[in-house]
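Trainee: Okay, handing you the structure first.
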Amino acid sequence: MGKRGCFIGTAGWGIPTRYKEDFPQPGWHLERYAQRLPVVEIDTSFYKPHRRETYERWARAVPEHFRFAVKMPRTITHEQRLVGCEALAGAFLQQVEGLGETLSVLLVQLPPSLPFEPDMARGFFDMLGKRTQTRLACEPRHPSWFDAEAEALLAGCHVARVAADPAPVPAAAVPGGWSGLAYFRWHGAPRVYYSDYDAERLDRIGRQVNAAAATGAEVWGIFDNTASGHALGNALAVDAMVT
């Protein structure tokens, strides 16, 4: 799985027509995707729940080495804003645990309007940590999450802070928090979700990923610029660069 702990994939496993020859056939998209790339991020879970049986079916469709990251529901992150969501978290975890050994990371993406509050953050991540041993990655977007106190809290809770592009503040461009996992999300720039990354930018991304792996961290890189179908080509290009 991956090269020197570098795992590159996309948000979702759709295969645009222009890339169909790059993936083995026959098979449904997830089966074909998993023959070429080692990881995928399930982001539909942010918008709606999936039955445990659905996750079990997805796990059966991929090779033994393949791994999933799953985005936590917006009911937890955006509606409850990490407070009073024990029951919601329990229901979500019961569902995603259908992935079994293929479940590797839970992604917590926060709304830009949610500032860092130590008691709130510690309470939420402690609650999750008691309910699952799956690794956690957090993508905060309010500037207050990028100071020393927030960094220390995330590291202490073993939560990796996502490196995002475009970055809401300069510090958001590099991974932070717990150093055992470096999780990158490339959303597309200048137009989020739509823009393609050109060859020069992909080369810089490849070097950044290799540098992160050289620290000993496990590196995940997810292309989220899916709206115009660019994510898959960008992921294939960077996957070929990691050493």
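Trainee: Give the long-range amide H neighbours of F223: residues separated by 5 or more places, or on another chain, with amide H under 5 Å away, using H modelled in the peptide plane at 1.01 Å from N.
Mentor: The answer is G9, T10, A11, W186.
Trainee: How large, in percent, is the carbon and sulfur part of the accessible surface of the stretch 6-241 at a probe radius of 1.4 Å?
Mentor: Carbon and sulfur: 50 percent of the exposed surface of the stretch 6-241.
Trainee: Which cross-chain or sequence-distant (5 or more) residues have an amide H under 5 Å from the amide H of L136, H modelled 1.01 Å from N in plane?
Mentor: Long-range HN contacts for L136: L106, A160.
Trainee: Can you order the peptides 120-128, 219-227 by their average number of other Cβ atoms within 10 Å per residue, highest first?
Mentor: 219-227, 120-128
Trainee: Another question, if that's okay. Using +1 at the Cβ of each Lys and Arg and -1 at the Cβ of each Asp and Glu in the stretch 6-241, identify which of W186, H78, C6 lies farthest towards the dipole's positive end.
Mentor: My answer, from the dipole projection, is H78.
Trainee: Then there is this: Go through P166, F125, L88 and say which Cα lies farthest out towards the positive end of the charge dipole of the stretch 6-241; charges sit on Cβ, +1 for Lys and Arg, -1 for Asp and Glu.
Mentor: Checking the options against the dipole of the stretch 6-241, the answer is L88.
Trainee: Taking 0.36 nm per intervening residue step and subtracting the Cα-Cα distance, what contour gain separates A211 from E53 on full extension?
Mentor: 53.0 nm
Trainee: Could you work out the relative contact order of the chain, using alpha carbon pairs under 8 angstrom and six or more residues apart, expressed as a whole percent?
Mentor: That works out to 20 percent.
Trainee: How much of the DSSP bridge set in the chain is antiparallel, in percent, rounded to the nearest 5?
Mentor: Antiparallel: roughly 10 percent of the beta bridges in the chain.
Trainee: Starting from the Cα-Cα distance between Q133 and D22, subtract it from 0.36 nm times their residue separation and give me the gain in nm to one decimal.
Mentor: Between Q133 and D22, full extension yields an extra 36.5 nm.
Trainee: Which value in deg cm²/dmol, rounded to the nearest 500, describes the helix-derived mean residue ellipticity at 222 nm for the chain, given -39,500 (n - 2.57) per DSSP H run of n ≥ 4 and division by the residue count?
Mentor: Estimated from H runs of four or more residues: -9500 deg cm²/dmol.
Trainee: May I have the count of lysine pairs in the chain with C-alpha atoms under 27 Å apart, counting pairs 8 or more residues apart or located on different chains?
Mentor: Number of lysine pairs found: 6.
Trainee: Measuring with a 1.4 Å probe in the full set of protein chains, what accessible area per residue, in whole Å², belongs to the chain?
Mentor: The answer is 43 Å² per residue.
Trainee: May I pose another question? V83 accessible area, nearest 10 Å², 1.4 Å probe?
Mentor: 80 Å²
Trainee: Which value results when the Cα radius of gyration for the stretch 6-241 is divided by 2.2 N^0.38 Å?
Mentor: The stretch 6-241 yields a ratio of 0.97.
The values are calculated or read from the model by the stated rules, or taken from the named source; none is laboratory data. This is a predicted model, so every value here is computed, not measured. We place every Cβ from the backbone using ideal geometry, glycine too, and count neighbours over all the protein chains shown. In case anyone asks, the SASA skips ligands and DNA or RNA and just uses the protein heavy atoms, side chains included. Shrake-Rupley method; radii C 1.70, N 1.55, O 1.52, S 1.80 Å.
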